[in-house]
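**Q** First, the structure itself, so that you have it in front of you.
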Amino acid sequence: MKAIIPEQFKKILFFGVFISVLLSLAGCFDIKREIKLNPDGSGMEDMYVTIDKELLDKLSALASADASGVWKKRIDSVYDNGYLESNTRADVMKVGGISLKELVVTANQDGSKQIYLKYHFDEPTVLVKMIKEGTFRYSNQLPVQFSTIKFLDEEGNLTFKHVTRKAERSFNDELMQSYLSPLYSSHRVTYTIDFPFEVKESNASSTAGNSLTWEMTMENAIFNQQTDTAGLVKDPTLELTYAEKVDRTIGKVSQKENPLIRVQVYNRNKEPVKIGTGIVLRDGLIVTNFRLMNLIEGAGFFSVILPSDSLAGIDDMTEKDLDEKQDLVYLRFGSADKFKPFKYASVTSAKYGDKVKLYYYPNTLSSVVYSMGGVVSGTKKWTSKTGVIEIKPSKPISIEGGAVFNEAGELLGMITQLYEGEVGKLYLVPADYIKANIPK
């Protein structure tokens, strides 16, 4: 029988993600990025992409050998400067949070081409969003994320971390690789960031004051992994909305013990608008908040972000997967990852003063899960047949979604914001209700 898919929960159409504008051509050219970062996370970037004659010749040979005609269509736009500029401009303008200042395509006398971009960005994640849009039309369009940028703020000590990992997962065309892979080792990605903070340490290839430069070969970007880091110092009173706060009074949860997973919600233009939290009930099945999935701006497009930061597809859904009144949505997803199983606690076992542990994402852009202690402070009536469990965390916290376990390690419930109660308290959809309603 064909699954019934509610209109607001259509499966997302996946798209390729993150490395550098036009890495979609598989990386046989040089990329230079000059980034100036402001304290508030905004900034300016000058990007130079040089496509040399050797690459253009290889592309021509690839187009001739491709019986499907796909590469000929893609490469025609690279040879025509007008098409190359208009296509690049169209891709860039899909990115929210930027202001394009200049875009120029130049044909050089040696037969090479250069694309120059200058734009203002609102916050650091735009740097990878630009790359996602620049690679989409040429990638294999699989749900793979291979470049991330993070800032961790620990009482004035700020850590910058940029990871590039196995871009080949988005550019795995065998015919293309056979023509272009010999060029990878001789071409490079170089990027310089002028930080607005003092630099304590870094693994940058060169340093000039607060200006750090990293470099990697295209071969390393495509087949291996590189992690670029810097230790920075800022004014502890300066609030950085783009940084994940590190609180040493709260414990990190190892990946092996992590019961949570992130859910990415997109708008009608397939642009990410929100990340929420799901609880892994068993391998390939999670539960998350109906409120999250029913966002008006989300339009029902979503995917699961695995602990490796790659994306997983959602299987077809039925009406039984939805429980709006109890703020529940069950999602089946494809992944070979194994997750730790757990037992379910009964709502009747929750007693006033019982100690509990909360698991949550302090910043859902991060793959790091944190834990915090708390106590049961009561139970409340919700619907005519069900109730919620009230929790008082050890310190005030505002989080959307998460899991709460009792001292026996049993799941007590999922955090919901649909129930409105006392300020400073959190409310749980009871675990036994979640278990009893898992769709077959």
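None of the figures in this text is laboratory data; all of them are computed from the coordinates on show. Everything quoted here is computed from the prediction, not taken from an experiment. For neighbour counting, all protein chains shown are included, and Cβ atoms are generated from backbone atoms with ideal geometry for every residue, glycine included.
**Q** Computed from the coordinates I sent, Rg and Dmax of the Cα atoms in Å equals one of [x] 32.5, 117; [y] 24.0, 79; [z] 20.4, 58. Tell me the label.
**A** [y]
**Q** Give me the angle, in degrees from 0 to 90, between the Cα long axis of helix 81-92 and the longest principal axis of the Cα atoms of the chain, rounded to the nearest 10.
**A** Between helix and principal axis, roughly 10 degrees.
**Q** Here is a further query. Quote to one decimal, in nm, the extra length available between Thr106 and Lys200 on full extension: 0.36 nm per residue of separation minus the C-alpha distance between them.
**A** Extending this stretch completely gives an extra 29.9 nm.
**Q** If you don't mind, there's one more thing I want to ask. For the stretch 293-422, compute Rh as the Kirkwood radius over C-alpha pairs and then the Stokes-Einstein diffusion coefficient at 20 °C and 1.002 mPa s; write the answer in µm²/s, rounded to an integer.
**A** It diffuses with D of about 129 µm²/s by this estimate.
**Q** Of the beta bridges DSSP finds with both residues in the stretch 315-440, what % are antiparallel, to the nearest 5?
**A** Counting only bridges with both partners in the stretch 315-440, antiparallel ones make up about 95 percent.
**Q** Identify the GluC sites (Glu not before Pro) of the stretch 70-169 meeting these criteria: DSSP loop state and at most 12 other C-beta atoms within 10 Å of the C-beta.
**A** When the GluC sites (Glu not before Pro) of the stretch 70-169 are filtered for loop state and at most 12 Cβ neighbours within 10 Å, Glu155 remain.
**Q** Tell me the mean residue ellipticity at 222 nm calculated for the chain from its helices only (DSSP H runs of n ≥ 4, each -39500 (n - 2.57), averaged over every residue, nearest 500).
**A** Mean residue ellipticity at 222 nm (helix-derived): -4500 deg cm²/dmol.
**Q** Also, quick follow-up: Rank Val304, Tyr48, Thr386 by how far each Cα sits towards the positive end of the charge dipole of the chain (+1 on Lys, Arg Cβ; -1 on Asp, Glu Cβ) and give me just the farthest.
**A** Of the listed residues, the answer is Thr386.
**Q** Sticking with this one: So how much slack lies between Ser42 and Thr318, counting 0.36 nm per residue of separation and subtracting their Cα-Cα distance, in nm?
**A** Here the answer is 95.1 nm.
**Q** Next up: What ranking, highest mean first, results for peptides 233-243, 109-119 when packing means the other Cβ atoms within 10 Å averaged over each residue?
**A** 109-119, 233-243
**Q** Among Phe197, Pro259, Ser178, which residue has its Cα positioned farthest towards the positive end of the charge dipole of the chain, with +1 placed on the Cβ of Lys and Arg, -1 on the Cβ of Asp and Glu, and the dipole taken about the Cα centre?
**A** Pro259
**Q** Report the full-extension gain for the segment Val368 to Asp122: residue separation times 0.36 nm, less the Cα-Cα distance, to one decimal in nm.
**A** Length gained, Val368 through Asp122: 86.1 nm.
**Q** Just to confirm the number: angle between the C-alpha axis of helix 126-135 and the first principal axis of the chain, 0 to 90 degrees, nearest 10?
**A** 60 degrees
**Q** I would also like to ask the following. Along the charge dipole of the stretch 347-436, pointing to its positive end and built from +1/-1 on Cβ of Lys, Arg, Asp and Glu, which listed residue (Gly424, Gly402, Tyr361) has its Cα farthest out?
**A** The listed residue farthest towards the positive side: Gly424.
**Q** What FRET efficiency, computed as 1/(1 + (r/R0)^6) with R0 = 22 Å and r the Cβ-Cβ distance, is obtained for Asn172 and Ser308, rounded to the nearest 0.05?
**A** 0.85
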